Structure formats: C-alpha cells, structure tokens
C-alpha cells in the first residue's frame, strides 16, 4: 500500500492493492498517506530528483549474495537518500549508523556512483504508527571506510562459518536466517515470560518484549516461509500440509467491464482507476446483479500454496495439477 501511494504521487501507473489485502483499515490508510506526504515534502525543494520505489539494492560486493529492497531511494545533486518504511508498532528504530540502512546505502551507491558525484548519504527510517522519523547523514567516505574495514571482514568470516554469531536486525540478510541456531536462541528468550497477558507483566518485562517483538515476528515469518518451501519440495511436516491459498477474483477484460457498466448507466471508475470487484459489486446493487452484468468477465486465479494444520478442510495442494491449470490459462 505504501508503494502504491508513492507511485501515484510520482505519476507512475500502479494498481490499487486494497482488493487483495487481507488486513486494511483506516490506520493503514492514514499511515501510508503520511508516508507519501513525507516523500512529497522531501522532493518539494529538490531539482530534478531521481526517485526509485521498491528498488532491489545489491550490496554483494561487500556481503556474499547480499541484497535488500529499498522502499524509496532519492538522488539529487550530490546527496543519496535511502528511506525505509517500517509499519510495525515496536520500539523506535534509530537510523544513526544503522547497519541495515548502511547496507542499503551501499546497494544504492552501486546503482548511482558511476553517474553522479555523490558526496553524502542520508538514511531515514519512517515509522508512522509510533510517530518516529529517524535520520542519519554521513559523508560517503565514512560509509565506504566502514564497508571496507569492518563489514567486508565480518561478512567474509560469516560466509566461512567463522567469527562470533550475533543475532539482530542484520539477520534478515543471512542465507541461513530461518535455521540459524543463534537466531532461534535469541528470539526464544521471550519464552521465559510464558506468553503471559500484558497486564501480568511488569514494565521491564514489557520493555524487553518490545525490544525483540519486531525481530520475533520477522523470524517467525522466515520459519514459516522456509517450512512452506521445503513442503512444496516434498518435505512432510508432522501435523501440517500444503493447500491452495485463497485468491480474489479479477477482471478478464477491463475494456468490456467498462463498456458493460456504462451501458447499465453507472460510472465504473473511482477516478482515475477502475473500481475493484468488491466496490463494483456494491455499485451494481449486489452479487446477483454483478454476476448478471459482469459474470462472464471475471475469473478466479489459483491461490498461492499455503502451509496449514492438517485439520484444515481444504484438499492437499497438487503442484503438477496447478502448473497444468496455469498453462491452460496462458493459452
């Protein structure tokens, strides 16, 4: 949603993702509006800035196979700005010499260094849900010195399985982040609180949970993705199975949809975009009328595979069958 808002701000074509979001509310709307407004404010006084949104940033020159995604990268004059949008409600994250942001800056520098005389790096962490904007500015010489004298050395040790293991935010860049024992031990430290209700914890315990909450969520997500990919490859997990995930209907021919809705006397747009299926159903007066007018111009794509408890009533996902369905749809 944040990417969509910024792309629209820049005048770039973008599809409204709200139709496919499982969780979307007024808070998300407000937070992403705030983010887009912040980007607009940054661009207001810049001369011919170059702006990249959701840009892959490759810093493998320093960290083997290292890459990340920059939420927003701006180049103007001799300043390279990297902005990271964090939607979590954990503790405020400082951009000051933040290793994740410095890695992203290195990746962005690889894209632009040959084209621009960049002298300064500006790193911003934007956390709208806790009203936090942290910024760090450093000369490019300091960033490169850190990369050559500290980062590169540690990355080489890590790639050989040597050096000291230390879990933290940097774990997101590691190739074995899902199965790393040190990361598991770090995150499972929260188990000492027995998942007690917040009102049963003292302030210091709540602060300890806040410190690790975002990383715990990230770790759990990595574990789930790792387990899913292994299951798709044939691994049998006790008590779990792979099923077809849920999907949303899509239009097969937007031009025909527009023609049919206009013929019915309705405006199919929420300017400047075509209404999504949920909004269009409401516009036409309900599912029955929607199916009558547009039923021949929608389809439901196969859902992505999902790992669920064995008690789930959906049938086991058949990879070969889904591949065949996809081929048939493409014909």
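No lab work stands behind these numbers, since they all come straight from the coordinates. Everything numeric in this text was worked out from a predicted model, so none of it was measured. Quick reminder, even Gly has a Cβ in these numbers, built from the backbone with ideal geometry, and neighbours come from all protein chains shown.
So, in Å, what gap is there between the alpha-carbon centers of segment 65-100 and segment 34-60?
Measuring centre to centre over Cα atoms gives 11 Å.
Rounded, prolate or oblate: which one fits segment 2-159, using the alpha carbon gyration tensor with axes a ≥ b ≥ c (rounded when a/c is under 1.5, else prolate when a/b beats b/c, else oblate)?
Prolate, because a/c is 1.5 or more and a/b exceeds b/c.
Expressed as an acute angle from 0 to 90° and rounded to the nearest 10, what is the orientation of the C-alpha long axis of helix 319-330 relative to the principal long axis of the chain?
Helix 319-330 sits at roughly 60 degrees to that axis.
Contour minus end-to-end for residue 153 and residue 210, with contour as 0.36 nm per residue of separation and end-to-end as the Cα-Cα distance?
Length gained between residue 153 and residue 210: 17.4 nm.
Based on the Cβ-Cβ distance from residue 223 to residue 313, what FRET efficiency comes out when R0 is 25 Å, to the nearest 0.05?
Approximately 0.55, to the nearest 0.05.
From a point 7 Å beyond the Cα of residue 277 in the direction of its Cβ, which residues of segment 240-271 have a backbone N at a distance under 17 Å?
244-258, 261
Below 8 Å between Cα atoms, with a sequence gap of 6+, how large is the relative contact order for segment 250-299 in percent?
Relative CO of segment 250-299 lands at 51 percent.
Give the distance, in whole Å, between the Cα centre of segment 252-269 and the Cα centre of segment 292-313.
That distance is 24 Å.
For Cα pairs less than 8 Å apart in space and 6+ apart in sequence, what is the mean separation divided by the residue count of segment 2-159, i.e. the relative contact order in percent?
Reported relative contact order: 20 percent.
Simple spin-label model, 7 Å along Cα-to-Cβ: residue 135 to residue 297 in nm?
It is 4.7 nm.
Can you give me the pair-distance distribution of the chain, C-alpha pairs, 10 Å bins, whole percents?
P(r) for the chain, in whole percents per bin: 5, 18, 25, 27, 19, 6, 1.
Angle, helix 99-112 long axis vs. longest principal axis of the chain, Cα atoms, 0 to 90°, nearest 10?
That works out to roughly 70 degrees.
So what's the back-of-envelope 222 nm ellipticity for the chain, counting only DSSP H runs of four-plus at -39500 (n - 2.57) apiece and dividing by all residues, rounded to 500?
-12500 deg cm²/dmol
Once the Cβ-Cβ distance between residue 97 and residue 61 is put in as r, and R0 is 22 Å, what FRET efficiency do you end up with, to the nearest 0.05?
For residue 97 and residue 61, the calculated efficiency is 0.65.
On C-alpha positions alone, give me the angle between the axis of helix 26-44 and the longest principal axis of the chain, in degrees, nearest 10.
60 degrees
Antiparallel DSSP bridges in segment 2-159: what percent, to the nearest 5?
Percent antiparallel among DSSP bridges in segment 2-159 is about 75.
Counting pairs of alpha carbon atoms under 8 Å apart in space and at least six apart in sequence, what relative contact order in percent does the chain give?
Once normalised by length, the contact order is 12 percent.
Write down the percent of antiparallel bridges among all DSSP beta bridges whose residues are both part of the chain, to the nearest 5.
Beta bridges within the chain, antiparallel portion: roughly 80 percent.
Say R0 is 35 Å: what FRET efficiency, to the nearest 0.05, do residue 246 and residue 37 get from their beta-carbon distance?
According to the calculation, E is roughly 0.60.
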